Amino acid sequence: MMVAFPESEYRQRLARAREALREGGLKGYLAVAPEHLYYLAGYDGHTYWSDQGCVFTVDGDEPTLVIRDTDEGVARETAWVQDVRTYRYGLDDSLALIGRQGEGAHRRAAGRGPPQLRAAGGQGARLLELLGPIVVEDATERIGFLRARKSPAELAYVRQAAKYAHAGMGAARSRSPRTSSTPCGPGGATPQRCRPG
């Protein structure tokens, strides 16, 4: 599997996320949405249905990625995050492991107020219970806004993808059989001529 961006791009994203969290008075973040795991950690797993998370504080600590043990290979190939914790699906308490990472973020932020970590998903209530006294606030929009503003590396990636798409569409059109010469067939007239009545 090929990594889309260098580690420096992900570290810049993490720095922007930390700044956005600080501006909101937040002390840490627990990402559970797959798009945020990809954006922040580079983790490109198709595991949106499993318990997973990426935890970090605004203080510059290294993030921790928590995933199923069977997905560790994907994380090692796609994610830049080095601290990868795994659980055995169906055997281990995955939310307890994620919760312990959140508690660890709480301890690392000691003296700066309780970190406010994001929790979502179907098991969000249990995760909130496991986090105990930690104040939790949803920061989805705060991080989502960062994802909408593209870096130069992301723009270059999108432009390259557009070139591939354009070339593919051109190849498909050049090989497409033209079987109809009616006004409404392929290569036919405008939609106004194709309307009934």
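At a temperature of 10 °C and a viscosity of 1.306 mPa s, determine how fast region 52-99 diffuses translationally according to Stokes-Einstein, using the Kirkwood radius over alpha-carbon pairs as Rh; express D in µm²/s, rounded to the nearest whole number. Before the final figure, lay out each step's value.
On the way: Rh = 11.2 Å.
Taking Rh from Cα pairs, D becomes 142 µm²/s.
Given H placed 1.01 Å from N in the peptide plane, which residues other than close sequence neighbours of Arg85 have an amide H under 5 Å from its amide H?
The list, which skips near neighbours in sequence, is Leu65, Val66, Ile67.
With a cut-off of at most 13 other beta carbons within 10 Å, and DSSP calling the residue loop, which chymotrypsin sites (Phe, Trp or Tyr not before Pro) in region 1-96 qualify? Please list them.
Tyr48, Trp49
Readers should treat all values here as calculations from the given coordinates under stated rules, not as data from a laboratory. Source: prediction; values computed, not measured. All Cβ positions, even for glycine, are placed from backbone atoms using ideal geometry, and neighbour counts span all protein chains on display.
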